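Chemist: Provided herewith is a single structure, encoded as structure tokens, for subsequent inquiry.
The values are calculated or read from the model by the stated rules, or taken from the named source; none is laboratory data. Predicted, not measured: the structure shown is a model, and the values here were computed from it. Counting neighbours? That spans all protein chains shown, and the Cβs are built from the backbone with ideal geometry, glycine included.
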Amino acid sequence: MPHLTTDDGVKLFYEEIGGGIPIIFVHEFAGDYLSYEFQMRYFGQRYRCIAYNARGYPPSDVPVDGEKYSQQRACDDIRAVLDALKIDKAHIAGLSMGGFAALHFGFNYPDRARSLVVAGCGYGAAPDKRAQFAAEAEAAAAHFEKQTMAKAAEGYALGPTRVQFQNKDARGWREFADQLAEHSTEGSARTMRGVQSRRPSLFDLVDQMKALKVPTLIITGDEDWPCLEPALLMKRMIQTAALVVMPNAGHTINLEDPAAFNQHLSEFFHTVDVGAWRARDPRANVSAILGK
């Protein structure tokens, strides 16, 4: 099994396929490298695709120290993947927890990103939901520890933004839930507390968004309720951003509708790679409804 080592000594498992321009896929909390199988098959025909497991997700290491888990660490682990594989720049594509990491990678290492895909990003971001999100994250971590992931996974996979996946593709959802049940109980709890609960609100990152120049594609499902307003915020503030809202879709959009998801990414990557991605025309930023 191929592993790479981060600068703080944590071993991360990864898989890669294909050749050419690199794409790094960064998974969500309830997923792992297997979550990107549809993307690895599709994009691996034309790109060098790398999917890795975050710390806390075997066969990556599961550090015991809770301080080894943070939003900054998740961002830096993307850089560690690039460095270990001797990649100068790559498309960085993340979903949910991975979307937050991709966005922060753009803030911290813009010269290492050809583009950013920020998908399903926004849980706990609304200012009036911060306390609720922190409380729910702690309750979820405690539940994982009490029940183990083998038992807690079923309920987590039936959240209000996951049932869309179950309704569309019961077989695919079953595979997703079964894979979630195999996750490390300790790693899941530490990730929930260290990365999810403590990450900053997107609404506190407006200045960084305004300064971001990396081509960015924001994608969300139209029934992924916690991510809709944050998606609009990122679209407004990032001058190089486009927004895709996938219809009748929940949170797990790369699995729920992989063909549409892949097509959106494919068109985006191609436009960036041929140098045709443009920043927003400043004339579109006026507050008037009809113009002058």
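Chemist: What about Glu136, is it assigned to a helix (DSSP H, G or I), over 20 Å from Val206 (Cα atoms), of a type outside the set (Lys, Arg) and modelled with pLDDT under 95?
Modeler: When the stated conditions are applied, Glu136 passes them.
Chemist: Of all residues in the stretch 96-112, how many are surrounded by fewer than 23 Cβ atoms within 10 Å (Cβ to Cβ) and outside any helix (DSSP H, G or I)?
Modeler: 1
Chemist: Which ones in the stretch 53-75 are surrounded by fewer than 20 Cβ atoms within 10 Å (Cβ to Cβ) and of a type in the set (Asp, Glu)?
Modeler: Asp65, Glu67
Chemist: Looking at Asp222, Asp257, Asp178, can you tell me which residue is farther than 20 Å from Asn108 by Cβ, surrounded by 21 or more Cβ atoms within 10 Å (Cβ to Cβ) and modelled with pLDDT of 95 or more?
Modeler: Every option except Asp257 fails the conditions.
Chemist: Separate question: Among what's in the stretch 22-49 and is more than 14 Å from the chain's Cα centre (by Cα) and assigned to a strand (DSSP E or B), pick the residue that is nearest to Arg162 (Cα to Cα).
Modeler: If we take residues in the stretch 22-49 being more than 14 Å from the chain's Cα centre (by Cα) and assigned to a strand (DSSP E or B), then Cys49 is nearest to Arg162 (Cα to Cα).
Chemist: Hey, can you tell me all the residues within the stretch 153-175 that are in a helix (DSSP H, G or I), of a type in the set (A, V, I, L, M) and crowded, with 21+ Cβ neighbours inside 10 Å?
Modeler: Passing the criteria: only Ala153.
Chemist: Suppose we filter the stretch 197-219 for residues that are surrounded by 23 or more Cβ atoms within 10 Å (Cβ to Cβ) and in a helix (DSSP H, G or I); how many remain?
Modeler: Residues in the stretch 197-219 being surrounded by 23 or more Cβ atoms within 10 Å (Cβ to Cβ) and in a helix (DSSP H, G or I): 1 in total.
Chemist: Looking at the structure I just gave you, is Asp76 without any contact (Cβ under 8 Å) to a residue 24 or more places away in the chain, part of a helix (DSSP H, G or I) and farther than 28 Å from Arg162 by Cβ?
Modeler: no
Chemist: Given the structure, is Phe269 of a type in the set (Phe, Trp, Tyr), more than 11 Å from Leu217 (Cα to Cα) and either at pLDDT 95 or above or surrounded by fewer than 16 Cβ atoms within 10 Å (Cβ to Cβ) (or both)?
Modeler: no
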